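The structure under discussion appears below in the form of structure tokens.
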Amino acid sequence: MEKMSKSKLNGVTPDEIIEEYGADSLRLYEMFMGPFDKEKLWNTDAVSGCRRFLNRFYDMVTSEKLTDEEHPEALRLTYRLLEAVAKDIELMQFNTAIAKMMEFINAFIPLEAYPKRCLKWAVQALYPFAPHIGEELWEYLGEKESITYAPFPLIDRSCLEETSATYVVQINGKLRGRLVLPKDQSEEELMKIIQKQSEIAQYIKGEVVKTVFVPNKLLNIVVK
């Protein structure tokens, strides 16, 4: 792998990257490459990945799903993001903070509604890494004063606890479905719910001879 060098004329100028991808994409990529005290390999193509992330973030904030109503799962995801990003910034682990934001939008985008309060907080988490788009989205969400002067949100730790679980349903060891339900369902409660799910219940033909139940994780039904 050849190192960048002025003498070899193989360098990449910031102006070229900004012209093609934007200043925020360049800034984000440089912090996402890894710890500042470690040697890193430049990959111009990877800047486009940061650009795609920012585009997804922008689309999320400007989505028609925007609402003034609260959403418990949205609050939990956002508080977890704020806690993680604040900790990583304090430790100067900017690459992991950005990774947490990427994980956040993957979990947040499928939600049915996007509470405005949560989106504002998410924009505040993004702002240190992408200040131009952060300022624009802050204004889009109705704020008049610059995001620079907005205090970082306080974290309500009571909202960090998981309230739902994904239950894997197997019939004779084969995956037949996944159900997202409130935590701590009993085996009996889960069986009743499964029997009402036609796409899963169709595989329960014959006598149930055994079940393997792992709370908040799995129910395997053995049918004879």
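Which of the helices (runs of 4 or more DSSP H) found entirely inside the stretch 43-151 contain at least 3 residues meeting this: at pLDDT below 95?
Answer list for the stretch 43-151: 44-61, 72-90, 94-108.
Got a sec? Which of V180, V168 is farther than 23 Å from L75 by Cβ and either within 23 Å of the chain's Cα centre (by Cα) or not in a loop (DSSP other than H, G, I, E, B) (or both)?
V168
Quick check, is T211 in contact (Cβ under 8 Å) with a residue 60 or more places away in the chain and over 22 Å from F94 (Cα atoms)?
It is false that T211 is in contact (Cβ under 8 Å) with a residue 60 or more places away in the chain and over 22 Å from F94 (Cα atoms).
Report, by residue number, each residue of the stretch 192-224 that is out of contact with any helix residue (DSSP H, G or I) (no Cβ under 9 Å at 6 or more places or on another chain), more than 26 Å from P72 (Cα to Cα) and surrounded by 13 or more Cβ atoms within 10 Å (Cβ to Cβ).
Residues satisfying the conditions are Y203, N220, V222, V223.
Return a yes/no flag: does the stretch 185-194 have any residue that is modelled with pLDDT under 90 and either assigned to a helix (DSSP H, G or I) or not assigned by TED's automatic domain parsing to the domain that holds E73 (or both).
no
Restricting attention to the stretch 96-137, and to residues there that are without any contact (Cβ under 8 Å) to a residue 40 or more places away in the chain and of a type in the set (S, T, Y), which single residue is farthest from L154 (Cα to Cα)?
For the stretch 96-137, the residue satisfying everything is T96.
Only one of (1) part of a strand (DSSP E or B); (2) closer than 30 Å to W121 by Cα; (3) of a type outside the set (F, W, Y) fails for L219. Which number is that?
(2)
Here's a check for you: in the stretch 144-157, which residue that is under 20 Å from the mean Cα position of the chain (by Cα) and surrounded by fewer than 13 Cβ atoms within 10 Å (Cβ to Cβ) is farthest from P72 (Cα to Cα)?
Restricting to residues being under 20 Å from the mean Cα position of the chain (by Cα) and surrounded by fewer than 13 Cβ atoms within 10 Å (Cβ to Cβ), the top hit is L154.
Restricting attention to the stretch 136-149, does a residue exist that is closer than 15 Å to L28 by Cα and of a type in the set (D, E, K, R)?
No, the stretch 136-149 contains no residue that is closer than 15 Å to L28 by Cα and of a type in the set (D, E, K, R).
In this structure, does K144 turn out to be assigned by TED's automatic domain parsing to the domain that holds A23, under 24 Å from A165 (Cα atoms) and without any contact (Cβ under 8 Å) to a residue 24 or more places away in the chain?
Considered against the rule, which asks whether it is assigned by TED's automatic domain parsing to the domain that holds A23, under 24 Å from A165 (Cα atoms) and without any contact (Cβ under 8 Å) to a residue 24 or more places away in the chain, K144 comes out as no.
The values are calculated or read from the model by the stated rules, or taken from the named source; none is laboratory data. Small disclaimer: the values here were computed from a predicted structure and weren't measured. Note that each Cβ is placed from the backbone with ideal geometry, even for glycine, and that neighbours are counted across all protein chains shown.
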